Amino acid sequence: QVQLVESGGGLVQPGGSLRLSCAASGNIFVMYAMGWYRQAPGKQRELVATITRGGNTNYADSVRGRGTISRYNAKDTVYLQMNSLKPEDTALYYCNIDYKTWSTGGRTTTWGQGTQVTVSS
């Protein structure tokens with residue numbers, strides 16, 4: 001079993017910043033890509049940013065230049081620093097990991113429960 005603990009969401013004013021964290025633990029043998037996705041009310045879940053084990057990053061056009069994804073491999077933790085936040089960034093932000101398990105050696109993905117980010121004055 002794998003657990004993801006997300007934190008860092010909250011209410012922030014437009015133009016503000018926040019840092020999301022997602023710590024993974026449990027039946028993880030090898031951690032591959034880690035990422036953040038978001039879902040606003042009435043919309044589909046969309047990619048925000050991903051980072052490979054080697055540190056290669058990918059960003060949605062909507063956050064490129066305002067967001068920075070990073071990871072700490074020793075702790076299986078991924079971060080998302082978001083700056084210059086806009087009301088349209090309001091969404092439930094989900095962590096996603098791609099990994100191989102100890103128990104079966106198989107590769108799979110797991111989603112976090114989500115952390116709410118609200119950008120409003």
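The values are calculated or read from the model by the stated rules, or taken from the named source; none is laboratory data. This one's a predicted model, so the numbers in the text were calculated from it and none came from an experiment. Reconstructed Cβ throughout: ideal geometry from the backbone, glycine too, with neighbour counts over all protein chains shown. For accessibility, only protein heavy atoms count, side chains too; no ligands or nucleic acids. Shrake-Rupley method; radii C 1.70, N 1.55, O 1.52, S 1.80 Å.
Side notes on the structure shown:
- Of the residues making up the stretch 71-103, just one is without any contact (Cβ under 8 Å) to a residue 60 or more places away in the chain, assigned to a loop (DSSP other than H, G, I, E, B) and not charged (D, E, K, R), namely 90.
- Restricting attention to the stretch 64-93, the residues being over 13 Å from the mean Cα position of the chain (by Cα) and among the aliphatic types (A, V, I, L, M) number 2.
- Enumeration of residues in the stretch 74-87 that are touching a strand residue (DSSP E or B) at 6+ places or on another chain (Cβ under 8 Å) and open to solvent by 20 Å² or more (accessible area, probe 1.4 Å): 75, 76, 79, 81, 83, 86, 87
- Residues that are open to solvent by 40 Å² or more (accessible area, probe 1.4 Å) and not charged (D, E, K, R) were ranked within the stretch 28-50; the one that is farthest from residue 6 (Cα to Cα) is 42.
- All of 106, 112 fail the test of being within 20 Å of residue 2 (Cα to Cα) and in contact (Cβ under 8 Å) with a residue 12 or more places away in the chain, apart from 112.
- Scanning the stretch 51-73 for residues that are open to solvent by 70 Å² or more (accessible area, probe 1.4 Å) and out of contact with any strand residue (DSSP E or B) (no Cβ under 7 Å at 6 or more places or on another chain) yields a total of 6.
- Residues in the stretch 94-121 that are open to solvent by less than 60 Å² (accessible area, probe 1.4 Å) and either among the aliphatic types (A, V, I, L, M) or under 14 Å from the mean Cα position of the chain (by Cα) (or both): 94, 95, 96, 97, 98, 110, 112, 114, 115, 117, 119.
- Some residue of the stretch 22-29 being assigned to a strand (DSSP E or B), touching a residue at least 60 places away in the same chain (Cβ under 8 Å), more than 15 Å from residue 86 (Cα to Cα) and over 11 Å from the mean Cα position of the chain (by Cα): yes
- For the stretch 51-66, a residue qualifies if it is free of Cβ contacts under 8 Å to residues at least 24 places away in the same chain and either within 23 Å of residue 2 (Cβ to Cβ) or not hydrophobic (A, V, I, L, M, F, W, C) (or both), and the qualifying residues are 52, 53, 54, 55, 56, 57, 58, 59, 61, 64, 65, 66.
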